[in-house]
Amino acid sequence: MKPLGPIPPGFTAVDGELAIGGRRVSELVAEAGQTPLFVYSRQRIADRIADLRTAMPEQLKINYAIKANSFAPVLSYVSTLVDGLDIASGGELEMVRASGFDLSRVSFAGPGKRDEELEAAIASGVTLNLESENEAERALAIAGRLGRTPRLAIRVNPDFELKGSGMKMGGGAKPFGVDAARVPALARKIVDAGCEWRGLHIFTGSQALSAEAVIDMQAKVLDCADRIAVEAGLTLPKLNMGGGFGIPYFPGDEPLDIQAIGDALTDRLELLPETLAEAELLIELGRYLVGEAGVYLTRIIDRKESYGETYLVTDGGLHHQLAASGNFGTVVRRNYPVAIATRFNAEPEEEANVVGCLCTPLDRLADKAQLPRAEVGDIVAVFCAGAYGATASPSAFLGQGPAEEVLI
Ligand SMILES: *Cc1c(COP(=O)(O)O)cnc(C)c1O
């Protein structure tokens, strides 16, 4: 037996079935006309963002990193609840443009921005978080050619990282950002070149569940930003402090204590150095805002036995759920929260493996899970599917194509 991850709060049963936003999954699937189906809940997104705002200092702005989930209705909805959007490609810029969001509240980070992407961003008034000196040169040249004043911030590769984070994005040699020691000179250079100076971006990692680690990281980010500003002889109009807020995916994971983070940050903001006195402070989050609001529903197509083990074969799989399958940067495969949605109230009575329909042994959704007995036609729910599901899975693999998505 292998345990399953914790089902996020807020999901209940109606007539024995999992309900999302008060609606039974069989009803949602019937309406969508097919499985596999991602269902995202407006209410769960709204509650999450409201709770976060309550816990954080009032002046802290919250940005949404759209790569977590850029499904147009989700993007439009989240846009109404946050202060800004973070994008990481020209494709995401077009999605944000299509949503009608104010592009002056968008920032664009990410290595390897092409000239066309820089041009589209500058022409739209999007802030560029510069990833290198070379990118700065190119951005200034393009802005000169367009006759525009570019909005420029510098992404810092700091000399520390977010402890215990799932994906480390700072500390030591990295493709992201400019090494902290070289940032003051670059900042002076772009300010002297006449850009609209938008400050610093310091993102150190993702998926932290320890409040202590986040508090420690935020304190270091503020110190690092101050040191850079002092050395450059500049004040900071804006500081993007990164994010890193994680959600529980696996057995034993505990939710992040956001109140502890908010309290520590509130104390800290009373002692801001002069360089940051006027700065707009913000955090940028993806999965924390939308991850738990999504459920992936897939139907059992076959039930079979092999050498004494039971396999529930579904019509979904890693092509929509790369992370749940364990193939998205994980070393040891652990189970996500998974349930038989159409028997949500039933007691577990057998051990089964839930697999996808791809012809590869990598396509696993739950190993040796204790589940109610499920039959062909039952619907399986994979929770925590609101972030990095549809956007980060290889939906073209084996010609399967993307899943349906719906925001309710
Ligand atoms: C991916 C990314 C995020 C969002 O990460 P989450 O773990 O989803 O919160 C935020 N900022 C940057 C720069 C990123 O690359």
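The table below lists the values:
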| item | result |
| --- | --- |
| Condition met for Ile301 (over 18 Å from Ile202 (Cβ atoms), assigned by TED's automatic domain parsing to the domain that holds Ala341 and at pLDDT 95 or above) | yes |
| Among (1) within 16 Å of the ligand (Cβ to nearest atom); (2) among the small types (Gly, Ala, Ser); (3) open to solvent by 20 Å² or more (accessible area, probe 1.4 Å); (4) modelled with pLDDT of 95 or more, the one test that Gly329 misses | (4) |
| Qualifying positions in the stretch 304-313 - in contact (Cβ under 8 Å) with a residue 24 or more places away in the chain and either farther than 14 Å from Asp363 by Cβ or outside the structural domain of Thr35 (by TED's automatic domain parsing) (or both) | Glu309, Thr310 |
| Of all residues making up the stretch 30-62, the number that are of a type in the set (D, E, K, R) and at positive phi | 0 |
| Within the stretch 66-81, considering residues that are open to solvent by less than 10 Å² (accessible area, probe 1.4 Å) and within 13 Å of the ligand (Cβ to nearest atom), the one nearest to Ala403 (Cα to Cα) | Asn69 |
| Failed condition for Glu231, given (1) touching a residue at least 60 places away in the same chain (Cβ under 8 Å); (2) surrounded by fewer than 22 Cβ atoms within 10 Å (Cβ to Cβ) | (1) |
| Residues satisfying the stated conditions in the stretch 91-124, i.e. within 21 Å of the chain's Cα centre (by Cα), farther than 18 Å from Thr149 by Cβ and open to solvent by less than 30 Å² (accessible area, probe 1.4 Å) | Glu92, Leu93, Val96, Phe101, Ala109, Gly110, Lys113 |
| Out of Leu37, Leu52, Leu18, Leu60, sole residue that is of a type outside the set (Val, Ile, Thr) and in contact with a Phe, Trp or Tyr (Cβ under 6 Å, 6 or more places away or on another chain) | Leu18 |
| Pro251 being touching a Leu at 6+ places or on another chain (Cβ under 7 Å), more than 16 Å from the ligand (Cβ to nearest atom) and open to solvent by 30 Å² or more (accessible area, probe 1.4 Å) | yes |
| Every residue from the stretch 36-63 that is over 21 Å from Thr266 (Cα atoms) and crowded, with 21+ Cβ neighbours inside 10 Å | Pro36, Leu37, Phe38, Val39, Tyr40, Ser41, Arg44, Ile45 |
| When residues of the stretch 1-35 are limited to those that are of a type in the set (S, T, N, Q) and within 14 Å of Ala341 (Cα to Cα), the one surrounded by the fewest Cβ atoms within 10 Å (Cβ to Cβ) | Thr12 |
| Conditions (1) open to solvent by less than 30 Å² (accessible area, probe 1.4 Å); (2) closer than 27 Å to Phe71 by Cα; (3) within 16 Å of the ligand (Cβ to nearest atom); number of the one not met by Tyr296 | (3) |
| Hey, Ser107 assigned by TED's automatic domain parsing to the domain that holds Ala141 and in contact with an Asp or Glu (Cβ under 9 Å, 6 or more places away or on another chain) or not | yes |
| Every pair of residues 6+ apart whose Cβ atoms lie under 9 Å, when the first sits in the stretch 195-219 and is closer than 22 Å to Asp267 by Cβ while the second is assigned to a helix (DSSP H, G or I) and among the polar types (S, T, N, Q) | Ala211/Gln259 |
| Residue match in the stretch 82-90 (condition: surrounded by 20 or more Cβ atoms within 10 Å (Cβ to Cβ), free of Cβ contacts under 8 Å to residues at least 60 places away in the same chain and acidic (Asp, Glu)) | no |
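The values are calculated or read from the model by the stated rules, or taken from the named source; none is laboratory data. What you are looking at is a predicted structure, and each value in this text was computed from that prediction instead of being measured. Virtual Cβ from ideal backbone geometry, glycine too; neighbours counted across all protein chains shown. When the accessible area is computed, the model is the full protein with side chains, heavy atoms only, and any ligands, DNA or RNA have been set aside. Shrake-Rupley method; radii C 1.70, N 1.55, O 1.52, S 1.80 Å.
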